[in-house]
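The values are calculated or read from the model by the stated rules, or taken from the named source; none is laboratory data. Values in this document were obtained by computation on a predicted structure and should not be read as measured data. All Cβ positions, even for glycine, are placed from backbone atoms using ideal geometry, and neighbour counts span all protein chains on display. In case anyone asks, the SASA skips ligands and DNA or RNA and just uses the protein heavy atoms, side chains included. Shrake-Rupley method; radii C 1.70, N 1.55, O 1.52, S 1.80 Å.
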Amino acid sequence: MTPLELRETVPALESAAYLNWGAGGPSPRRVVDAAESTLEHHEYEAPTNEGQYPAAFDVYDESRAAVAGVLGADADEIALTESTTDGINRVAGAIDWEAGDVVVRTDLEHSAGTLPWQRLEAERGIEIRTLETERGRLDLESVKAAASEATLFCVSSLTWTHGTRLPISDIVDVAHDAGALVLVDAVQAPGQLPVDVGDWGADFVVAAGHKWLCAPFGSGFLYVRDGLVRERDLVPPAIGYRSVVDENAVDYRYEPGAKRFEVATASPAPYAGLTEAIDCLEEVGIETVRDRIETLTDRLKAGLSDEQLLSPRRYESGLVTIAVDEPEPTVERLSERGIVVRSLPGPEAIRASIHAFNTREDVDALLEES
């Protein structure tokens with residue numbers, strides 16, 4: 001299947017030039033159909049057949065396996081969550097923090113990667129240190145300088161403000177040499193770029209399906225490196241029957257790996273949609289997706305001046321940041337013309353995020369109005 005063939009099955013793309021995949025990726029019909037049919041089976045047929053809980057657990061298992069394939073991980077290293085924010089919070093709550101522990105983040109993290117640490121700063125007395133960046137670039141020397149006292153690094157693999165790729169494997173090497181953990185916010189990567197968490201070597205990777213994977217809201221996931229739970233004695237902040245080996249045991253035991261971060265009953269529908277969305281991606285091919293995104297972003301950048309373009313001119317991702325004087329009014333004006341982008345809290349700019357399912361006409365429409 002080609003990207004344009006899949007585009008024809010996405011109803012949201014029929015009425016506008018949608019260039020906001022980095023915020024939310026509208027789903028193809030078959031993804032919504034998978035979620036709907038799973039919910040119908042769960043509510044109409046499963047109660048008097050295999051049972052609602054076994055039916056849901058089958059969907060969870062299929063989704064973990066599908067996510068593992070996307071990330072280059074094992075299914076036992078995957079926990080299902082609601083979102084990136086949810087995954088980061090589950091990790092933040094599992095570490096035995098002490099006053100004076102240090103979390104290092106960049107100045108480009110999304111609120112998902114800042115608010116949990118701010119709360120721990122207020123409630124547990126941890127220290128937050130912020131690495132400054134320049135046009136979406138991180139100096140590895142600043143990482144080295146911060147590593148000696150760090151407890152955990154929280155960094156994005158792709159910056160949501162500039163679309164730049166951070167040197168994750170290098171950051172991980174520095175952090176691990178200093179005894180620190182690394183949590184990667186990878187939500188902008190799966191679905192537009194190949195991801196291999198083994199190459200990164202990070203301890204935790206959090207993401208969600210509702211952006212570039214075009215899955216429903218509520219389809220988040222968390223990778224936990226094999227063996228990490230034993231090494232660090234990680235105890236999640238919540239417990240439920242999905243967290244433990246035997247829910248009825250007198251002395252409960254957490255699951256030995258990532259599944260201890262799951263808690264209790266969740267609708268199987270978003271995860272069925274996630275599995276189907278990953279199937280769509282595999283039918284198109286991640287290399288095909290990446291190459292088409294590169295072609296379309298190059299077309300957009302070619303029409304922008306150096307003053308306008310805040311993202312790298314050479315391709316790094318489908319996120320393209322464009323300087324404008326009035327970001328929010330600009331987004332409203334473009335919306336009135338059938339072009340969907342978003343504003344950023346900083347820098348003063350709008351962000352277009354281009355997927356393989358966009359067209360040259362979508363890109364040209366934005367250029368004509370910029």
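Relative to the current alpha-carbon distance between Glu336 and Asp170, full extension at 0.36 nm per residue lengthens the span by 55.4 nm.
Label separation (Asp279 vs Val324): 3.9 nm, computed from points 7 Å beyond Cα along the C-beta direction. Only the Cβ atoms of Lys and Arg (+1) and of Asp and Glu (-1) were treated as charged; on that basis the dipole of the chain about its Cα centre amounts to roughly 480 debye.
Positive-end ranking of Leu296, Gly285, Thr265 along the dipole of segment 213-299, with charges on Cβ about the Cα centre, is headed by Thr265. What the phi angles of segment 92-101 give under the Karplus curve with 6.51, -1.76 and 1.60, with θ = phi - 60°, is a coupling list of 4, x, 8, 8, 7, 6, 10, 4, x, 4 Hz, glycine and proline written as x.
Computed packing ranks the peptides 310-316, 187-193, 72-78 as 187-193, 72-78, 310-316, most packed first, by mean other Cβ atoms within 10 Å. Computed from the C-beta positions of Asp246 and Arg119 and an R0 of 45 Å, the FRET efficiency is 0.85 to the nearest 0.05. The modelled label-to-label distance between Glu98 and Asp196, using points 7 Å beyond Cα along the C-beta direction, is 3.8 nm.
Could you please report the charge total around Asp173, scoring K, R as +1 and D, E as -1 over all other residues with beta-carbon less than 12 angstrom from its beta-carbon? So the surrounding residues net to -2.
Among the protein heavy atoms of segment 217-324, carbon and sulfur supply 47% of the accessible surface, probe 1.4 Å, non-protein parts ignored. By a 1.4 Å probe calculation restricted to protein chains, Lys144 has an accessible surface near 100 Å², given to the nearest 10. With the simple spin-label model, which puts each label point 7 Å out from Cα in the Cβ direction, the Arg360 to Thr295 separation comes to 0.9 nm.
Across Arg30, Arg7, Arg232, the residue with the most accessible area heads the list, and the full order at a 1.4 Å probe is Arg232, Arg30, Arg7.
Each helix, a run of at least 4 DSSP H residues, gives -39500 (n - 2.57); summed and divided by the residues of the chain, these come to -11000 deg cm²/dmol at 222 nm. Neighbours of Leu366 by Cβ distance under 12 Å: Lys/Arg scored +1, Asp/Glu scored -1, total +1. Couplings 3J(HN,Hα) for segment 10-23, derived from phi with the Karplus relation 6.51 cos²θ - 1.76 cosθ + 1.60 (θ = phi - 60°), are 10, x, 4, 8, 6, 10, 7, 8, 8, 10, 9, 5, x, 9 Hz, where x marks Gly and Pro. By DSSP, the beta bridges lying fully in the chain are antiparallel in about 50 percent of cases.
In segment 79-186, the portion of solvent-accessible area held by carbon and sulfur atoms comes to 41 percent [1.4 Å probe, whole percent, DNA, RNA and ligands not counted]. Quick one: accessible area per residue over the chain, 1.4 Å probe, rounded to a whole number of Å²? The answer is 43 Å² per residue. Taking square-rooted eigenvalues a ≥ b ≥ c of the alpha carbon gyration tensor, is the chain rounded, prolate or oblate, where a/c under 1.5 means rounded and, failing that, a/b exceeding b/c means prolate? Cα axes put the chain in the oblate bin. Note the full-extension length gain between Ala264 and Glu141 as 0.36 nm times their separation in residues minus their Cα-Cα distance, in nm to one decimal. Net length gain for the segment: 40.0 nm.
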